[in-house]
Amino acid sequence: MKLQFSAGGIVFKKSGDKTEILISQHSQHHGWVFPKGLIAEKETKEQTALREVKEEAGVNGKIIRALNPVTYWYVAEGEKIRKTVYYFLMEYASGDIVKHDYEMEAVEWLPENKVEERLTYESDKIVWKEAKQFIG
């Protein structure tokens, strides 16, 4: 068994009374997720989350608060991996979703009420339920 640690962000932006949430579609497994990635050596969880949102979604976020980490299991190359992801709620600061990297095949801003139905994985749905309590 291998342990893995990642960090990522749930980014929101407000325009008047409308709130949109950033989600992305992964190029390998095609699932709709929040941007995240492995925590690099000598990098904090917060630094990783901000970097990954910039790389995978093309935008800069401002961290509002930490969310409860999620943990799940998966298998890669025959090895069982226990992954913990540290998510941060972020407010959109700048950037353009068109400028995302190759890891994501699509990046979209969705209305709040459409996010849960678009997310592919239960772990993302769990952290989304927590995050939306703090958006408003």
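Annotations
- Among the residues of region 67-82, those identified as touching a Phe, Trp or Tyr at 6+ places or on another chain (Cβ under 6 Å) and either closer than 10 Å to S123 by Cβ or not hydrophobic (A, V, I, L, M, F, W, C) (or both) are P69, R82.
- Checking F12 against (1) surrounded by 13 or more Cβ atoms within 10 Å (Cβ to Cβ); (2) out of contact with any Leu (no Cβ under 8 Å at 6 or more places or on another chain), the condition it does not meet: (2)
- Some residue of region 107-128 being among the β-branched types (V, I, T) and farther than 22 Å from N68 by Cα: yes
- Only one of the numbered conditions (1) touching a residue at least 60 places away in the same chain (Cβ under 8 Å); (2) among the charged types (D, E, K, R); (3) surrounded by 12 or more Cβ atoms within 10 Å (Cβ to Cβ); (4) in contact with a Lys or Arg (Cβ under 8 Å, 6 or more places away or on another chain) is violated by E116, and that is (1).
- Residue that is nearest to T71 (Cα to Cα), among those in region 41-52 that are modelled with pLDDT of 95 or more and part of a loop (DSSP other than H, G, I, E, B): T44
- Counting only residues that are crowded, with 17+ Cβ neighbours inside 10 Å and under 13 Å from V85 (Cβ atoms), region 54-70 holds 2 of them.
The values are calculated or read from the model by the stated rules, or taken from the named source; none is laboratory data. None of these values were measured; they are calculated from a predicted model. Positions of Cβ are generated from backbone atoms using ideal geometry, with glycine treated the same way; all protein chains shown enter the neighbour counts.
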